[in-house]
Amino acid sequence: MRKIKNAVILILLPMLCILASLMVGRYSMSLREIFDTLLLPAAADIEHYRVVWYLRLPRSVAAAMCGAALAVSGAAFQGVFRNPLVNSGLLGVSNGAGFGACVAIIFLGGGTFTYILSFAFAVLAVAMSWFAGRVSRVTTSVTLILGGVIVSSFFSALISVMKFMADPYSQLPSITFWFMGSFASVNYVHFYSFIPMTLGMLLIYLSRWRINVLSMGDREAAALGVDVKRYKFLIVGGATLATASAVCISGTIGWVGLVVPHIGRMIVGNNNVKLIPVSMSLGACFLTVMDILSRNLSTAELPIGILCALVGTPFFVYLLKKTKGGGWT
């Protein structure tokens, strides 16, 4: 009964944040107006219909999904690599996606190509990191991290070349804004990216107890009967799909995958069986709230990547001091 109650809470929290996102904005709406528009769209006021269904709902759902994907990927990487400082962009996903976005903006005019190429190069970057980290047909955690650092640096240099080539009056501002992160241009077409994103999160969720075993070390995990190579590949692959799908929609948002899992650990501890679903829920809530703030703090929309760092960092420091680095008492 307690497990069912906890599961309901984890599902309801992001839904409540999405509901709040539908209500809050320059054009404020009451809770009743929101429900009337959602449940009876044919009879709803035309302005309410447009605001809810075409402006706020797609970006709110996208923010929740991307937050969940980035947070759970960061939690999985931190467990598998036994390193609290890694995040969802560890293996070059962010820089690979950034390079793909730059290529699309400079040579293909942006648009849909930005999402396609950023996803493709994000996956390519992780594949390069995996093969760069292979030593004697074995990919260890240390060599994989080193491979990720090398590939990230490589794509970072390519991004600098792209910025140097970009038109400073039209293309360069688009590239700069993409790297700041935003959900302003999200619509229902981008929901296709939820397919690989959901698949990636599902792989991590189904493998969550094995992350506990892998966090003991490769030798210990193998001694306990876990196929280290297979499950490490599945978890890294799932995190790659989830992160690449999120980054191609939102742009670079690096803070979520690093710190949200730590907030989850302060609540439920280090057991990944509990931490993985909690990280999903907290990540969805956090990024949805950040999207609300980005739309309402000033007359111009603030880039969500910058806002995440500005708001999230002091909040995490507060939690760290309050819990003294441990769980809630």
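The values are calculated or read from the model by the stated rules, or taken from the named source; none is laboratory data. Just so we're clear, the structure is a prediction, and the values are computed from it rather than from any experiment. Glycine gets a Cβ as well: all are built from the backbone with ideal geometry, and neighbour counts include every protein chain shown. Calculation scope for accessible area: heavy atoms of the full protein, side chains included, ligands and nucleic acids excluded. Shrake-Rupley method; radii C 1.70, N 1.55, O 1.52, S 1.80 Å.
Which one of the conditions (1) at pLDDT 95 or above; (2) over 26 Å from Ala132 (Cα atoms); (3) open to solvent by less than 50 Å² (accessible area, probe 1.4 Å) does Trp178 fail to meet, given that it meets all the rest?
So the condition that Trp178 fails would be (1).
Could you look through the stretch 283-301, keep only residues that are out of contact with any helix residue (DSSP H, G or I) (no Cβ under 7 Å at 6 or more places or on another chain) and part of a helix (DSSP H, G or I), and pick out the one that is surrounded by the fewest Cβ atoms within 10 Å (Cβ to Cβ)?
So, considering only residues that are out of contact with any helix residue (DSSP H, G or I) (no Cβ under 7 Å at 6 or more places or on another chain) and part of a helix (DSSP H, G or I), the one surrounded by the fewest Cβ atoms within 10 Å (Cβ to Cβ) is Asn296.
Got a sec? Which helices (runs of 4 or more DSSP H) wholly within the stretch 1-51 have at least 1 residues that are within 28 Å of the chain's Cα centre (by Cα) and exposed (fewer than 10 other Cβ atoms within 10 Å of the Cβ)?
Hits in the stretch 1-51: 2-23.
Can you work out which of the residues in the stretch 191-231 that are at pLDDT 90 or above and of a type in the set (Val, Ile, Thr) is most open to solvent (accessible area, probe 1.4 Å)?
Out of the qualifying residues, it is Ile195.
Just to check your reading of the model, which residue among Gly74, Gly96 is under 23 Å from the mean Cα position of the chain (by Cα), under 30 Å from Gly269 (Cα atoms), crowded, with 24+ Cβ neighbours inside 10 Å and not polar (S, T, N, Q)?
Gly74
Quick check: is even one residue across the stretch 269-282 surrounded by 22 or more Cβ atoms within 10 Å (Cβ to Cβ), more than 20 Å from Phe179 (Cα to Cα) and more than 17 Å from the chain's Cα centre (by Cα)?
yes
Spot the failing condition for Ile304; the list is (1) of a type in the set (Val, Ile, Thr); (2) open to solvent by less than 40 Å² (accessible area, probe 1.4 Å); (3) closer than 18 Å to Leu13 by Cβ, and only one is missed.
(3)
Mind checking which pairs have a first residue in the stretch 52-68 that is more than 19 Å from Ser30 (Cβ to Cβ) and a second that is in a helix (DSSP H, G or I) and among the charged types (D, E, K, R), Cβ under 6 Å, 6 or more apart or different chains?
Ala63/Asp291
Mind listing whichever residues of the stretch 121-149 are without any contact (Cβ under 8 Å) to a residue 24 or more places away in the chain and open to solvent by less than 50 Å² (accessible area, probe 1.4 Å)?
Ala127, Gly133, Thr143
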